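Student: Sharing a structure here in structure tokens format.
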Amino acid sequence: MAPGSRIEFVVAPPGPSVKKAQLISRLVDTGPGGDLDPARPLLNIVTKGVGLNLLAPTVGQTPEFALPATAGNYPKLRFEGLDTANPNALRKLYFSSTDTPSGTNFFIVVDDQAPTLFNPHLPPAITTTQGSTEDWIIENRTDEIHSFHIHQIHFLVLEQNGKPVSPSEAQYHDVINIPYWTGTDPYPSIKVRMDFRGPYVGDFVYHCHILEHEDKAMMAIIRVNPKN
Ligand SMILES: [Cu+2]
């Protein structure tokens, strides 16, 4: 899971003989330039009858997550027909970084534009129109993992490294990891279908969701003009 992402799943509650049930993060290989993300417990799971109770984590303590005894009804997906839509544009973007004497500069770049640190006074890097769908190929040209995130809308994952994803992986996201570049292979990439058919118009941002990178300006503006 990418930083800032969410997932829904159904779990059979542990039986009474289970002494300890935990949700455990695997180690994440963030790359030679990346952060340390070791395997570690995220939650202790306990059963407490009906209801949902996620206690706020306390430093040094693993929070408890109480499972409801029955699953509720779930709403239908919002993204009807996105998989079969005819995209109005194909764009290529990439993550890059450069080391400077004062630290690393982080960029998210539209392929034919110059790498630019985020500045809210700059014009949008991308302009589109409400009602459209677009396919974006996003590459990682650095030696650490990055997490592509966009505000307001979601996207459907179509391909990873040029290969179509399996139906079970073809999900709607607003944030997704792109693995680091090893230095020899083609750049790791994803292809996603952006959904601008919803109510959102105006300027908003897309950025890396690793907060250090976001805070160091790995971010840009997209403008969605109203249909009329
Ligand atoms: Cu990043």
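The values are calculated or read from the model by the stated rules, or taken from the named source; none is laboratory data. Not measured: the values here are computed from a predicted model. Because the Cβ atoms are built from the backbone with ideal geometry, glycine has one as well, and the counts that use them run over all protein chains shown.
Okay, residues lined up against (1) touching a helix residue (DSSP H, G or I) at 6+ places or on another chain (Cβ under 7 Å); (2) within 16 Å of the ligand (Cβ to nearest atom); (3) within 19 Å of GLU80 (Cβ to Cβ):
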site: ILE153; (1), (2), (3): no, no, yes
site: LEU156; (1), (2), (3): yes, no, yes
site: PRO164; (1), (2), (3): no, no, no
site: TRP181; (1), (2), (3): no, yes, no
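Student: With the condition being among the β-branched types (Val, Ile, Thr) and over 23 Å from ASN88 (Cβ atoms), I'd like the strands (runs of 3 or more DSSP E) fully within region 121-204 carrying at least 1 qualifying residues.
Tutor: 175-178
Student: Given the conditions (1) at pLDDT 90 or above; (2) among the hydrophobic types (A, V, I, L, M, F, W, C); (3) in a loop (DSSP other than H, G, I, E, B); (4) closer than 30 Å to PHE9 by Cα, report the number of the one that ALA114 does not fulfil.
Tutor: Answer for ALA114: the failing condition is (4).
Student: Return the pairs, sorted by first residue and then second, in which the second residue is more than 8 Å from the ligand (Cβ to nearest atom) and of a type in the set (Val, Ile, Thr), the first residue lies in region 134-147 and is more than 23 Å from ALA85 (Cβ to Cβ) and outside the structural domain of TYR94 (by TED's automatic domain parsing), the beta carbons are less than 6 Å apart, and the residues are 6+ apart or on different chains.
Tutor: Note: no pairs meet the criteria.
Student: Select from region 163-180 the residues that are surrounded by fewer than 21 Cβ atoms within 10 Å (Cβ to Cβ) and farther than 23 Å from ILE126 by Cα and list them in ascending order.
Tutor: LYS163, PRO164, VAL165, SER166, PRO167, SER168, GLU169, ALA170, GLN171, PRO179 - these are the residues of region 163-180 that are surrounded by fewer than 21 Cβ atoms within 10 Å (Cβ to Cβ) and farther than 23 Å from ILE126 by Cα.
Student: Another question, if that's okay. Restricting to region 131-143, name every residue that is in contact with a strand residue (DSSP E or B) (Cβ under 8 Å, 6 or more places away or on another chain) and within 16 Å of the ligand (Cβ to nearest atom).
Tutor: Those that are in contact with a strand residue (DSSP E or B) (Cβ under 8 Å, 6 or more places away or on another chain) and within 16 Å of the ligand (Cβ to nearest atom): ILE138, GLU139, ASN140, ARG141, THR142.
Student: Mind listing just one residue for me: the one in region 183-211 that is away from the ligand (no atom under 16 Å from the Cβ) and aliphatic (A, V, I, L, M) and, of those, nearest to LEU82 (Cα to Cα)?
Tutor: So, considering only residues that are away from the ligand (no atom under 16 Å from the Cβ) and aliphatic (A, V, I, L, M), the one nearest to LEU82 (Cα to Cα) is MET194.
Student: To continue, here is another question. Can you say whether THR142 is touching a Lys or Arg at 6+ places or on another chain (Cβ under 7 Å) and farther than 17 Å from MET1 by Cα, as far as the supplied structure shows?
Tutor: Judged against the criteria, THR142 is not a match.
Student: Is at least one residue of region 212-227 within 16 Å of the ligand (Cβ to nearest atom), surrounded by fewer than 18 Cβ atoms within 10 Å (Cβ to Cβ) and at negative phi?
Tutor: Within region 212-227, one or more residues are within 16 Å of the ligand (Cβ to nearest atom), surrounded by fewer than 18 Cβ atoms within 10 Å (Cβ to Cβ) and at negative phi.
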